[in-house]
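Q: Got a structure for you, written out below as structure tokens; questions coming shortly.
The values are calculated or read from the model by the stated rules, or taken from the named source; none is laboratory data. Everything numeric here is computed off the predicted structure, so don't read it as measured data. No Cβ is skipped: glycine too gets one built from the backbone with ideal geometry, and neighbour counts run over all protein chains shown. Surface accessibility is based on the protein's heavy atoms, side chains included, excluding ligands, DNA and RNA. Shrake-Rupley method; radii C 1.70, N 1.55, O 1.52, S 1.80 Å.
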Amino acid sequence: MTSRQRRAERARNKPLPQVARRLGYRTDPRNRQRWKRPGSVLAINGRKFFDHRTGRGGGGAIDLVLHVRGCSFREAVEFLNGLPAAPPEVHPAAPQGSPASALRLPRPCPALWPAVQRYLADSRHLCRRLLRRCRQQGLLWADRRQNAVFLCRDRSGRPVGAELAGTRPDPRGRTFKGLAKGSRKQRGGFWLPPPREVRPVRLLLTESALDALSASLLPQELPAATLIASTAGIARRIPAWLCEFRASAVLCGYDSDEPGQLAAEALQRRHPGLRRLRPPRGKDWNELLQTRI
């Protein structure tokens, strides 16, 4: 590794909270993972960040400086290497009686991302550009078990869990599905940021993050200005965090099978204005996407 590469690596690994402070951000006293400065609101999760004002994110300190300052790569590296060394991070002991099921998001494993992306693109027919954008925004990554990890967030963008989708089918063609430890489905789910800072007109519920991404690639099947969100399984009432979007209409896009239909009927009884929107072909939105490719 050359000296230039070592300098870039040192810069990239600077702790994001330290870099955010030097860029003029201050923590939100109500949410310590949220950082604010005029015109920007960041969510920082380890090495990932996401700007809720611009709908953009990335990974590592260099990406953050490039995003905020709009400078060149070389200028970003020089800025970061000019920062003082960060003090050692102290992790306070958990208080007595704290819940054992605290959220534990799987760590990203960049070495396995190509295999995960290849499965999602080739076997699930998801657009590589969409996958790259989700990864850049910190919404999707690969873990050490070669699972696709889909970040679940509340309405404000704070991480509350993750959907895990296996990418290595067993002999019967089935893949693992699960949630990260400590995930709270009632507090948030996987959802795609609106393309602009506007309130979504409609909200589409899907059973999984995979279906949410698939539906986003089928605009001809959806009404305009639809925000797509996964409830990580079927829900028989609209979760409170989704109600916070204040969409004027809610569509239930659950699978075209008996459990999906029963859940949709239960939702309609509780929410009479809800409309059923099932994929016109196939069991779910990903099967419909595969028929369109």
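Q: Being among the aliphatic types (A, V, I, L, M), modelled with pLDDT of 90 or more and on the phi > 0 side of the Ramachandran plot narrows it down to one residue among ALA215, ALA232, ALA263, ALA225; which is it?
A: Checking each option against the conditions leaves just ALA232.
Q: Have a look at ALA180, ALA162 and point out the one that is surrounded by 20 or more Cβ atoms within 10 Å (Cβ to Cβ), more than 12 Å from the chain's Cα centre (by Cα) and among the small types (Gly, Ala, Ser).
A: Being surrounded by 20 or more Cβ atoms within 10 Å (Cβ to Cβ), more than 12 Å from the chain's Cα centre (by Cα) and among the small types (Gly, Ala, Ser) holds for just one of ALA180, ALA162, which is ALA180.
Q: If a residue has to be under 22 Å from the mean Cα position of the chain (by Cα) and assigned to a loop (DSSP other than H, G, I, E, B) to count, how many in the range 14-38 make the cut?
A: Here the count works out to 2.
Q: Quick check on my filter: what residues within the range 248-274 are assigned to a strand (DSSP E or B) and open to solvent by 60 Å² or more (accessible area, probe 1.4 Å)?
A: Applying the first criterion (assigned to a strand (DSSP E or B)) to the range 248-274 yields 249-252.
Result: no residue meets the conditions.
Q: Here's another thing I want to ask about it. Going by what's in this entry, would GLY157 be described as in a strand (DSSP E or B), open to solvent by less than 30 Å² (accessible area, probe 1.4 Å) and modelled with pLDDT under 95? Steps first, answer last, please.
A: Working: in a strand (DSSP E or B): no; open to solvent by less than 30 Å² (accessible area, probe 1.4 Å): yes; modelled with pLDDT under 95: yes.
Spelling it out, it is not the case that GLY157 is in a strand (DSSP E or B), open to solvent by less than 30 Å² (accessible area, probe 1.4 Å) and modelled with pLDDT under 95.
Q: In the range 212-226, what residues are open to solvent by 10 Å² or more (accessible area, probe 1.4 Å) and either in contact (Cβ under 8 Å) with a residue 40 or more places away in the chain or of a type in the set (A, V, I, L, M, F, W, C) (or both)?
A: SER216, LEU217, GLU221, LEU222, ALA224, ALA225
Q: For ALA235, which of the numbered conditions (1) out of contact with any strand residue (DSSP E or B) (no Cβ under 6 Å at 6 or more places or on another chain); (2) open to solvent by 50 Å² or more (accessible area, probe 1.4 Å) fails to hold?
A: Of the numbered conditions (1) out of contact with any strand residue (DSSP E or B) (no Cβ under 6 Å at 6 or more places or on another chain); (2) open to solvent by 50 Å² or more (accessible area, probe 1.4 Å), the odd one out for ALA235 is (2).
Q: Still on this structure, I have one more. Got a number for residues in the range 1-12 being exposed (fewer than 13 other Cβ atoms within 10 Å of the Cβ) and either of a type in the set (Lys, Arg) or touching a residue at least 12 places away in the same chain (Cβ under 8 Å) (or both)?
A: Residues in the range 1-12 being exposed (fewer than 13 other Cβ atoms within 10 Å of the Cβ) and either of a type in the set (Lys, Arg) or touching a residue at least 12 places away in the same chain (Cβ under 8 Å) (or both): 2 in total.
Q: Do we find that LEU139 is crowded, with 23+ Cβ neighbours inside 10 Å, among the hydrophobic types (A, V, I, L, M, F, W, C) and modelled with pLDDT under 95 in this structure?
A: yes
Q: Residue pairs, Cβ under 8 Å, 6 or more apart or interchain, first in the range 14-37 and closer than 16 Å to GLY157 by Cβ and modelled with pLDDT under 85, second open to solvent by 50 Å² or more (accessible area, probe 1.4 Å) and not in a strand (DSSP E or B). List them.
A: Listed by first residue and then by second, the contacts come to ASN31/ARG158; GLN33/ARG158; ARG34/ARG158.
Q: What are the residues in the range 275-293 that are open to solvent by 70 Å² or more (accessible area, probe 1.4 Å) and either closer than 17 Å to LEU217 by Cα or within 24 Å of the chain's Cα centre (by Cα) (or both), if any?
A: ARG278, PRO280, ARG281, LYS283, GLU287, THR291, ARG292, ILE293
Q: Would you point out which residue out of GLU244, GLU207 is of a type in the set (D, E, K, R), touching a residue at least 60 places away in the same chain (Cβ under 8 Å) and in contact with a Phe, Trp or Tyr (Cβ under 9 Å, 6 or more places away or on another chain)?
A: GLU207
Q: Looking at LEU64, is it within 15 Å of GLY138 (Cβ to Cβ), assigned to a helix (DSSP H, G or I) and open to solvent by less than 40 Å² (accessible area, probe 1.4 Å)?
A: Criteria met by LEU64.
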